[in-house]
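Notes follow the structure.
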Amino acid sequence: MEKLIERLHSEQCSCVIAQGDNVRTFHRRGIMDLFLTLKNEPELLRGALIADKVVGKAAAALMVLGGVSRVYADNISAPAVAMLHDHGISVSYANIAHHIINRAGTGWCPMEELSRDDHEPEVIRRKVEDFLRGKTAACCSIGRHPDAESNNDGHDL
């Protein structure tokens with residue numbers, strides 16, 4: 001996990017996912033990369049280790065559905081920690097907050113707000129998908145990872 005965290009910071013990634021020797025880095029803000037990984041490559045998440053800059057409850061729900069084994073977050077919400085713990089996923093973090101705030105700093109993150117009252121990961125996943133479809137409908141589709149970088153360089157985790 002230490003090497004993933006180091007890579008998260010040194011390469012200024014938003015998320016690093018490691019499944020065995022397969023290590024992927026992502027650079028987009030938000031939840032899209034995690035959502036697309038679950039949708040298109042769920043096998044990458046099964047038993048995976050994840051280091052992420054920000055994990056809210058919606059991201060935690062996707063991680064639960066993917067079957068990840070360990071999560072590190074620079075910043076995480078208390079509801080995300082609870083969801084991960086409730087599903088037997090080991091979690092560590094640098095900072096914990098009551099909730100994740102939006103990018104403007106004026107209120108709750110839309111994903112945190114969207115998942116606020118739900119406790120079932122699949123219900124949250126459906127809400128995330130609906131949100132992302134609405135957000136991306138005008139310009140693109142929810143497809144494969146255009147920003148994902150893969151390297152099977154055998155990084156020891």
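The values are calculated or read from the model by the stated rules, or taken from the named source; none is laboratory data. Note that this is a predicted model, so its numbers are computed, not measured. Here the Cβ is made from the backbone with ideal geometry for all residues, glycine too, and neighbour counts use every protein chain on show. Keep in mind that these areas ignore ligands, DNA and RNA; they rest on the heavy atoms of the full protein, side chains included. Shrake-Rupley method; radii C 1.70, N 1.55, O 1.52, S 1.80 Å.
Considering only 8, 88, 32, and ranking their Cα positions along the charge dipole of the chain that arises from unit charges at the beta-carbon of Lys, Arg, Asp and Glu, the one farthest toward the positive end is 32. Based on protein heavy atoms only, the chain ends up with 50 Å² per residue of surface accessible to a 1.4 Å probe.
Entry note, the chain: relative contact order of 26 percent, from Cα contacts under 8 Å with a spacing of 6+ residues. Applying 0.36 nm per residue to the separation of residue 119 and residue 21 and subtracting their alpha-carbon distance, the gain on full extension is 32.0 nm. In the assembled protein chains, residue 86 presents an accessible area of approximately 120 Å² (probe radius 1.4 Å).
Here the 3J(HN,Hα) profile of segment 78-95, calculated from phi with Karplus coefficients 6.51, -1.76 and 1.60 at θ = phi - 60°, is 4, x, 5, 4, 4, 4, 4, 4, 4, 10, x, 9, 5, 9, 9, 7, 8, 9 Hz, Gly and Pro shown as x.
Rank-order 11-19, 89-97, 58-66, 30-38 by packing density, defined as the average count of other C-beta atoms within 10 Å over each peptide's residues, highest first. List each step's numbers first, then the result.
Values: 11-19: 19.9, 89-97: 14.8, 58-66: 26.3, 30-38: 21.8.
Listed from highest to lowest mean packing, they are 58-66, 30-38, 11-19, 89-97.
The share of Cα pairs per 10 Å bin across the chain, counted from zero up to the longest distance, runs 11, 44, 37, 8, 0 percent. Here the simple spin-label model places points 7 Å from the Cα toward Cβ, and for residue 46 and residue 74 these points are separated by 3.2 nm.
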